[in-house]
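The values are calculated or read from the model by the stated rules, or taken from the named source; none is laboratory data. The structure displayed is predicted, hence computed values, not measured ones. Note: ideal-geometry Cβ built from the backbone for every residue, glycine included; neighbour counts use all protein chains shown. Surface accessibility is based on the protein's heavy atoms, side chains included, excluding ligands, DNA and RNA. Shrake-Rupley method; radii C 1.70, N 1.55, O 1.52, S 1.80 Å.
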Amino acid sequence: MEVSNDKEYIYSSTELDCDEGRIIEEVKAGSRESIPDPDAWLDEDLRRNIILTSVDWVLDWARRSSLWTAICYPACCGMEWMATLSPRFDASRFGMEIMRASPRQADLMITAGTLTWKMAPNVRRIYHQMPEPKWVIAMGACGISGGIFRSSYNVVPGYNKIIPVDVYVPGCPPRPEALIYGIQMLQKKINKAKAVPDLSELPNPLKKGKKV
Amino acid sequence: MIVALPAKEIISQLSDKFPGVIEEAGQDSVLVKSDSLPAVAEHLKTAAGFKFDYLNYITAVDYYQYFEVVYQMTSLEHNHSAILKVRCHTRDNPTVPSLIGIYQGADFQEREIYDLMGITFEGHPNLKRIFLWEGFDGHPLRKDWNQ
Ligand code: SF4
């Protein structure tokens with residue numbers, strides 16, 4: 001199928017190829033800057049929109065103890081992650097033995113491996129398909145910065161160019177212990193999250209100008 | 001075990017049938033003129049003493065002054081292998097005839113070389129990028145390619 005488009009395609013004029021190329025170029029162009037830690041910007045929105053009472057503690061406990069992971073293993077770090085899941089290291093101690101083939105049922109993405117630009121739109125799509133609240137652990141040197149492939153022509157220099165990352169686990173690849181430590185860090189982070197606004201910071205309508 | 005057929009043997013048989021196509025011969029590789037490549041490959045595949053019926057790989061090297069495309073083929077019948085090379089001396093639009101009519105397996109490898117090295121394979125029915133995406137600028141495995 002030939003497509004007529006104002007952009008001139010040099011290598012192929014098949015619709016599928018052009019579409020793919022366009023998507024990758026768009027993602028690449030929009031990914032120059034790293035996305036900051038979600039703690040810096042996500043909380044604000046949530047605080048304004050969700051009003052709950054002291055179920056905070058229960059919520060955090062439930063969230064941190066049932067981290068189901070989406071599948072994202074583009075390269076060798078995936079092996080260590082599989083080892084983490086296996087009985088010897090036993091990730092099910094943290095309530096995360098279930099791997100979700102569907103991102104709709106996942107809350108955590110462990111990005112175990114090198115990401116190429118060609119794969120980037122798909123990883124971002126998987127991330128967007130995960131329901132809130134969701135977290136990302138960047139595993140390994142490649143996940144953090146592109147690792148040894150950083151200056152390569154086809155490697156994304158760090159997942160935080162594509163999706164917001166909560167915890168970074170260094171190593172090439174990180175040992176399962178390191179990954180488990182990273183997961184525990186994330187659990188601590190989730191534990192601190194407050195869905196409930198701090199009452200003392202809200203204006204009290206009964207006492208004008210004063211806080212409770 | 002598969003052993004490399006000495007280049008001498010290949011040349012002694014080839015030079016009778018294709019006079020003047022051999023440019024250079026190493027210990028076990030033969031450099032031929034690029035326009036006679038399909039005929040030579042066809043002969044190596046079918047001729048009784050050779051029967052190189054299996055194409056192991058195609059690869060390409062950028063030597064700055066020229067590109068070299070390297071073919072290794074094996075005969076599963078006689079258990080011997082040979083390496084065939086061709087050169088193209090231009091950087092603008094280097095062209096080599098495609099071997100897809102002789103070895104079906106050449107399809108993806110020629111596309112890969114086209115994608116990463118920018119060598120055009122004349123006669124390839126679907127020569128387009130295979131690894132990189134449409135819109136990628138240039139051919140990154142060339143020595144003079146810069147991000
Ligand atoms: S960090 Fe090391 S082990 Fe992990 S994907 Fe990169 S190269 Fe592979």
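Observations on the structure shown:
- Filter pass, A:Gly113 being within 16 Å of the ligand (Cβ to nearest atom) and touching a strand residue (DSSP E or B) at 6+ places or on another chain (Cβ under 7 Å): no
- The selection criterion, being within 11 Å of the ligand (Cβ to nearest atom) and either open to solvent by 40 Å² or more (accessible area, probe 1.4 Å) or not in a strand (DSSP E or B) (or both), holds for A:Ile148.
- Residue selected from segment A:165-189 under the condition open to solvent by less than 10 Å² (accessible area, probe 1.4 Å) and within 14 Å of the chain's Cα centre (by Cα), by the criterion nearest to the ligand (Cβ to nearest atom): A:Val169
- Residues of segment A:116-145 classified as more than 14 Å from chain B (Cβ to nearest Cβ) and open to solvent by less than 10 Å² (accessible area, probe 1.4 Å), total: 8
- Residue list for segment A:69-89, filter: away from the ligand (no atom under 16 Å from the Cβ) and either surrounded by fewer than 13 Cβ atoms within 10 Å (Cβ to Cβ) or modelled with pLDDT under 85 (or both): A:Ser86, A:Pro87, A:Arg88
- Of all the residues in segment A:78-115, those that are in a strand (DSSP E or B) and in contact with a helix residue (DSSP H, G or I) (Cβ under 9 Å, 6 or more places away or on another chain) number 6.
Residue by residue, here is whether (1) at positive phi; (2) within 11 Å of the chain's Cα centre (by Cα) holds:
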position	(1), (2)
B:Leu31	no, yes
B:Asp35	no, no
B:His43	no, no
B:Ala47	no, no
B:Lys51	yes, no
B:Tyr54	no, no
B:Tyr57	no, yes
B:His80	no, no
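- Matching residues in segment B:50-76 - criterion: being of a type outside the set (Lys, Arg) and not in a strand (DSSP E or B): B:Phe50, B:Phe52, B:Asp53, B:Tyr63, B:Tyr64, B:Gln65, B:Tyr66, B:Leu76
- Condition check for B:Asp16: in contact with a Pro (Cβ under 9 Å, 6 or more places away or on another chain), in a helix (DSSP H, G or I) and surrounded by fewer than 18 Cβ atoms within 10 Å (Cβ to Cβ): no
- The residue pairs whose first member lies in segment A:166-189 and is of a type in the set (Asp, Glu), whose second member is assigned to a loop (DSSP other than H, G, I, E, B), and whose beta carbons are closer than 9 Å, counting only pairs six or more residues apart or on different chains, are A:Asp166/A:Asp37; A:Glu177/A:Phe89.
- In segment B:118-134, the residues that are at positive phi and more than 8 Å from chain A (Cβ to nearest Cβ) form Cβ pairs under 9 Å with partners that are aromatic (Phe, Trp, Tyr) and open to solvent by less than 10 Å² (accessible area, probe 1.4 Å), at six or more places apart or across chains, as follows: B:Gly118/B:Phe67.
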